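Read the figures in this text as sums done on the coordinates, not as results from a lab. Since this is a predicted model, take the numbers as computed values, not measurements. Don't worry about glycine lacking a Cβ; one is built from the backbone with ideal geometry, like all the others, and counts go over all protein chains shown.
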Amino acid sequence: MNARKRRRVLFVLALLAGGGCAAALAVAALKDNVLYFYSPTDIRQKHVGAGVVFRIGGLVEQHSVKKGPGADLRFVVTDGKSGIPVLYRGDVPALFREGQGVVAAGELDAAGTFQASQVLAKHDEKYMPPEVVAALKRSGRWKDGTP
């Protein structure tokens, strides 16, 4: 192999190595952020700190919805094993109610209450996001297609 071919091969190998390193750094930087949401049990186990923006998903716990002054709404998101209190200021979707699947975006405060900036409810009586189904199955609450 002459010097010109050797330089080309070395250049291609260096390019591949650099691309591999960049991909590894990107994957390492994402860590657990590739998940669509965390269940309440995941949040407790991973010790998610205050001020970290993420999504929480599960069911709205029965008898937990409390309307506050103005547009304040308090409720508890549960996966059957544990629950996280949520505070949301704003209008919730028309399909939001107790016992239904919900995904909320926001962050935990220092007291452990999830301060939601957005609340998403399921589409209809039969639909539940696949991630919520998986979290309910992990917690042992999913049986025969109904939570």
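Miscellaneous remarks
- Efficiency of FRET from Cβ geometry, Lys66 and Ala24, R₀ 41 Å, rounded to 0.05: 0.30
- Counting neighbouring Cβ atoms within 10 Å and putting the fewest first, the residues His47, His63 line up as His47, His63.
- Per-residue ellipticity at 222 nm from helix content only, as computed over the chain with -39500 (n - 2.57) for each DSSP H run of at least four residues, stands at -10000 deg cm²/dmol.
- Dipole of the chain, positive direction: furthest Cα of Gln100, Leu120, Leu16, with charges on the beta-carbon: Leu16
- Along the chain, counting only GluC sites (Glu not before Pro) with a DSSP assignment other than H, G, I, E or B and at most 16 other Cβ atoms inside a 10 Å radius, the longest segment between sites is 1-97.
- Each Lys and Arg Cβ is given +1 and each Asp and Glu Cβ -1; about its Cα centre, the chain then shows a dipole of about 1060 debye.
- Segment Ala134-Lys81, extension gain: residue separation times 0.36 nm, minus the distance between their alpha carbons: 17.7 nm
- Pairs of Lys residues in the chain that lie 8 or more places apart, or on two chains, and have C-alpha atoms under 16 angstrom apart add up to 5.
- Likely footprinting exposure, Ser82, Ser117, fewest C-beta neighbours within 10 Å first: Ser117, Ser82
- Per-residue extension of 0.36 nm, minus the Cα-Cα distance of Ser117 and Leu10, leaves a gain of 33.5 nm for this segment.
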